[in-house]
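The values are calculated or read from the model by the stated rules, or taken from the named source; none is laboratory data. Computed from a prediction, not measured in an experiment: that's the story for all the values here. Every residue, glycine among them, receives a Cβ derived from its backbone with ideal geometry; neighbour counts consider all protein chains shown. We work out accessible area using only protein heavy atoms, side chains counted, and drop any ligands, DNA or RNA first. Shrake-Rupley method; radii C 1.70, N 1.55, O 1.52, S 1.80 Å.
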Amino acid sequence: MSRKPLAVAAAAAVFLCAGAGLLRLWPHAPLRDRIPLSTVVLDQRGEVLRITLAQDGQIRLWTPLAQMPPALVEGVLLHEDRYFYRHPGINPVALARAAFTTATGGARQGASTITMQLARLLARHGTRSVGGKLRQIAAALWLEARYPKREILEAYLNLAPYGGNVQGVGAAAQLDFGKRPRDLDLAQMLALAVMPQAPEARAAEAVSGDGESPSLRAARLRQFAQWLEQHPEDRRQSGLVQAPLRFVRSGLPFQAPHFANMVLQRQAQSGMAPGDAMLRTTLDLRLQTLLERRVREYLAPLAPAGVRNASALLLDTRTMAVRAWVGSADYANPAIDGQVDGVLARRSPGSTLKPLLYALAMDQGLIHPLTVLKDAPTYFGPYAPENADGRFLGPVTAHDALIRSRNVPAVQLSARLGDPTLYRFLKSAGVALPMSERYYGLALTLGGGEVSMVELAQLYAMLANRGEWRPLHWLDSGAQAASADDGVRLLSAEASYMVLDILRDNPRPDEAVWRSSHQGLIPAWKTGTSWGFRDAWTAGVYGPYVLVVWVGNFNGEGNPALVGIQTAAPLFFSLVDAIGAAEPGLSAPPQRVPPRLVRVEVCAASGDLPNADCPQRARTWFIAGVSPIRLSTVHRRLRIDTRSGRQACADTPADAVREEVYEFWPSDLMRLFAQAGMPRREPPPRADCGSAAAAMSTAVLAHPPQIVSPVAGVDYALAADALGSEVVPLKAHADAASQRLYWFADATYLGTSLPGEVFAWRPAHTGRVRLSVTDDLGASDARETQIVLRD
């Protein structure tokens, strides 16, 4: 051979190499961008929750070459293309041998390199004809000219067929063995290496239910024999490789279904193209599975009572990450509308909003934990709230009113709120209240609006996060990036601390048994029951978690069994106990006492600073400069004339006077004490001392009267022909020391009544009137009302 042809060949080779180098430097999309992928939803540990179909209907899980075990890659190369790193995309020797065998009538032989197979998989055209094979060869050479070997190999391993619509070692490893490629053993890797040679037959055999088929086993063992030629040290694994393989392919993973649905829907709404993501979420599949099982077990005995469904949501308050999301008791059960996601459904929360109301009232200086509130019949215009038990307790501390979920004190507090009101506070915390504040009114306090479980969990997490509202995270990347800067302060740290401190005193339904053996964390929790017994709730903070539980039926039907404390609380504590057992080292984030929060001594009966006569005292939390503070006036020392039993006058002889301490409560509370069988000793009447100077007046200590009718902000409509005869009731409560009330309309004296009794006022004309009342101790109250004509 002359030198000239050799020079031409050398020049051509140099030109081709230079051309290939330039092609690789020219900008072009990576091969991965040409391959439609499934979207994979993972839990925080990488466990697969859901795999969606790619746009072309295939199942592909992209696995980078660096994350594949070297033995798997080598096994594929050993079986499919031993000279992959030495040829330019085609193997001329193999092609010639295959062509000769075919031409002489011998058995067909494969000659496709991995690059040629990748070209066929990408182009999706047939290669049995000569024209098809030539196009495949040209495409393989073009791929090799543009892409490095590692990228070609990576793309092939993610496109290799494994039967049906399963492609790539990532999908096959997950669906056939329930593992990630890096977790496969040698026997499993060899099986994945040989299956693409006959994917339909061997995949069908693999999932036939009888274990590994003879043909797949034979191919795998042949591959192992070749493997041992390269790796004789692996002969010690002969027992593992020769044992029959077990396959787990039984369909796509479908775990935490409601949560996975939500994640995929939110990702689609965010503009992410379908099938181009590996979504690692914050869900903890171990906790998810635990809660799902406990919910099913809890509901089973309740089915005869018509209680068929429940939902639960578990958040980590430190990162606001979703840890468990149980949308219904059984996603696959249409009888209970199982595919409805109860975590996102909007329902009446009952009394679960009360802790937020009390925190607001604390921040606005209306109460501290031992402030005494009035649980007595009260009217707010036409609205007259009642307690769930139909009874009234009289005076009750804020601490006990919240724990015992008394409705009347809660509505009274809501009516006294300034800015923000409960409605505005909830709106600022992201609660979607579609109607106006006027529409909901004070009934919002008792569950008159609707919230989702997600919104309620965020509100309780705000208490755990010292008053800062933070957004929810369900993707692991978002939770890791979350910081305190993400929060918006809506409550003070002091109010949040006090409310949680109160809720931890809430006794469990099984308190007596639980306290005797409990050594762990104490939940801070609250129940709720919606109007008509449609929804039973329990929400609370447990260590680093917020747990919200709902029990009911998705069709919205009422059921007397759906009471928060009776139906939802036992499930809540079943889940709490299960979480505690699953995480024995669980602890609450460190909670230091906020700087403005101090402990003060108050009179136990009134919640005010104790005067000298207060017999029983208690200590309570107090926000310095915010919480209400005044001297208690409930206990008063009186001088009693021993001769008459009346209050002594200033000039009563000293040897005829004794001193006694009496409790002075408003007249309405005195009646409630009596109705409850706990009457208070009424102070004796005042003596006729003859002169003001001689009287021992208690007016300076007395509570002023309080008008309860007419109702504030209400117009009274009278018939035109009834002016002067139709009655508008006037009523006021007064201090126990007060014995007579005097009523006035503007400057006109109307008459007198006893405290707590109705005075019948008959207006003679329409218009705005200022009504006032004065007791016999000189204290007074006033209120404006409007008299209009009835249509």
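Of the residues making up the stretch 596-636, those that are open to solvent by 60 Å² or more (accessible area, probe 1.4 Å) and assigned to a loop (DSSP other than H, G, I, E, B) number 7. Scanning the stretch 361-380 for residues that are of a type in the set (A, V, I, L, M) and open to solvent by less than 20 Å² (accessible area, probe 1.4 Å) yields Ala361, Met362, Ile367, Leu373, Ala376. Among the residues of the stretch 419-428, just one is assigned to a loop (DSSP other than H, G, I, E, B) and either buried (at least 18 other Cβ atoms within 10 Å of the Cβ) or among the polar types (S, T, N, Q) (or both), namely Thr421.
Kindly indicate the residue of the stretch 382-400 that is in contact (Cβ under 8 Å) with a residue 40 or more places away in the chain and in a helix (DSSP H, G or I) and also most open to solvent (accessible area, probe 1.4 Å) among those meeting that condition. Among those residues, the one meeting the criterion is His399. When only residues in the stretch 85-109 that are open to solvent by 20 Å² or more (accessible area, probe 1.4 Å) and touching an Asp or Glu at 6+ places or on another chain (Cβ under 9 Å) count, which is modelled with the highest pLDDT? Looking at the filtered set, the residue picked out is Pro88. Of all residues in the stretch 646-670, those satisfying the criterion of being within 22 Å of Cys603 (Cβ to Cβ), surrounded by 12 or more Cβ atoms within 10 Å (Cβ to Cβ) and not aliphatic (A, V, I, L, M) are Glu660, Tyr662, Glu663, Phe664, Trp665, Pro666, Ser667, Asp668. The requirement of being of a type in the set (Gly, Ala, Ser), open to solvent by 20 Å² or more (accessible area, probe 1.4 Å), more than 28 Å from Leu521 (Cβ to Cβ) and assigned to a loop (DSSP other than H, G, I, E, B) is fulfilled somewhere in the stretch 444-457, by at least one residue. When you look at Val431, is it under 26 Å from Trp469 (Cα atoms), among the β-branched types (Val, Ile, Thr) and in a loop (DSSP other than H, G, I, E, B), yes or no? Spelling it out, Val431 is indeed under 26 Å from Trp469 (Cα atoms), among the β-branched types (Val, Ile, Thr) and in a loop (DSSP other than H, G, I, E, B).
When the stretch 579-595 is filtered for residues that are free of Cβ contacts under 8 Å to residues at least 40 places away in the same chain and open to solvent by 60 Å² or more (accessible area, probe 1.4 Å), the ones remaining, listed by number, are Ala581, Pro584, Gly585, Pro590, Arg592, Pro595. Flag not set for Gly528, criterion: in contact with a Ser or Thr (Cβ under 7 Å, 6 or more places away or on another chain), at positive phi and surrounded by 15 or more Cβ atoms within 10 Å (Cβ to Cβ). Applying the condition of being open to solvent by 50 Å² or more (accessible area, probe 1.4 Å) and of a type in the set (S, T, N, Q) to the stretch 237-252 and asking which residue is modelled with the lowest pLDDT yields Ser250. Against the numbered list (1) open to solvent by 70 Å² or more (accessible area, probe 1.4 Å); (2) farther than 27 Å from Gly57 by Cβ; (3) at pLDDT below 90, Gly211 comes up short only at (1). When Ala464 is tested against (1) open to solvent by 20 Å² or more (accessible area, probe 1.4 Å); (2) modelled with pLDDT of 95 or more, just one condition goes unmet, and that condition is (1). Here the condition is being among the charged types (D, E, K, R) and crowded, with 19+ Cβ neighbours inside 10 Å; of Arg406, Arg416, Arg438, it holds for Arg406 alone.
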